[in-house]
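The values are calculated or read from the model by the stated rules, or taken from the named source; none is laboratory data. Since this is a predicted model, take the numbers as computed values, not measurements. All Cβ positions, glycine included, derive from the backbone under ideal geometry; neighbour counts span all protein chains shown.
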Amino acid sequence: MKVSVNLPQHPYDILIEKGSISASGAWASNLWTPQKVVIITDSHVGDLYADQVKESFEASGFEVAVFTFQEGEAQKNLVTVNQAYEFLVKVGLTRSDGIVALGGGVVGDLAGFVASTYMRGIHFLQIATSLTAQVDSSIGGKTGVNTPFAKNMVGTFAQPDGVLIDPEVLKTLGQRELIEGMGEVIKYGLIADIALWELLESLSGPEDILDNAEELIYHSCQVKRQHVVEDELDNGIRLYLNFGHTIGHAIEQTAGYGKVMHGEAVAIGMVQIARVAEKKGLMPAGITEKIIAMCAKFGLPIDHEPWDPEALYNALVHDKKARGSQIKTVIVPELGRASLNVVDLEEMKEYLEK
């Protein structure tokens, strides 16, 4: 399967194909001329796939080095970025060379940020290995790292030259890591894709994810592609993709990066904002229960303890979607459709009430 992200200035394709990671070098050779390549990965994914990808790239004429950092959201920061810069300098990477992000969302965000800022920007590819990365973070060109103040507070918009998705690699994910990706999949069904929502309704639970991975990934990528193409720089409808994220990011930051996984936080955020928005008449009656049931079916959390409204609010005021004294939140006025709801920051405290 192929999904074309037909941006006017930087079009590229998402290739979804079982077993494709073993031929990643051949895929890259259709996009790049032979050059120096640095694979950026983490300690977990590196142990599983770095040698295989390196050998594939070398067989296709690339000169390859591998930079590995300790796995985990807590490592997605400017300290790791600086270590990566030093590595790129040592191996002699130039502006005509490239970076390959091999991993999940943490790796993709960090590697993309490094590529977009090293020597004012060099090209890069995404090889996504987690469900969250395959359905969401590897697509669309958002890069970034965390600070103590907010998740992804420092970042750039930089599109990759291509995205490679091998659904087979999901078999090496832990159960929690696999399930957390469903937070983003459920979000896509809610905001834009009734057919995806109906597919999710037909599945029994986590045991059906792998058998249906290609279809789940394809539907999700199509939704992401549409929103990115129409609004590359996140000023309009691309913001719909943030349903559940405003509160979700605050949960991730206040809990300590990595304690609550991204997809888990998105699920909790969707439930919380739906609960309050439904009470305010902004979302239809009963939709919160549908979201709760879908998240619970796939083993996603629907609440977080301890719930600290003051700490969450303090994290929210640093959110990238805040503008002055207001913040743009996303609601779902009906299944399969999203809209923006501009909320005064003071009113946002109501969305944090249990």
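A few points about this structure:
- Filter pass, ILE268 being surrounded by 15 or more Cβ atoms within 10 Å (Cβ to Cβ), modelled with pLDDT of 95 or more and in contact with a His (Cβ under 6 Å, 6 or more places away or on another chain): yes
- Residue in the range 238-247 that is surrounded by 22 or more Cβ atoms within 10 Å (Cβ to Cβ), within 30 Å of TRP307 (Cα to Cα), out of contact with any strand residue (DSSP E or B) (no Cβ under 7 Å at 6 or more places or on another chain) and β-branched (Val, Ile, Thr) present: yes
- Test for GLY25: is it at pLDDT 95 or above, out of contact with any Ser or Thr (no Cβ under 8 Å at 6 or more places or on another chain) and either surrounded by 14 or more Cβ atoms within 10 Å (Cβ to Cβ) or at positive phi (or both): no
- Total residues in the range 86-125, condition farther than 24 Å from HIS44 by Cβ and either among the charged types (D, E, K, R) or not assigned by TED's automatic domain parsing to the domain that holds ASP136 (or both): 3
- Qualifying residue in the range 173-195 (condition: more than 30 Å from TRP27 (Cβ to Cβ), among the acidic types (Asp, Glu), at pLDDT 95 or above and in a helix (DSSP H, G or I)): no
- Screening PRO284, PRO309 for residues that are within 20 Å of ILE194 (Cα to Cα) and surrounded by fewer than 20 Cβ atoms within 10 Å (Cβ to Cβ) leaves exactly one candidate, PRO284.
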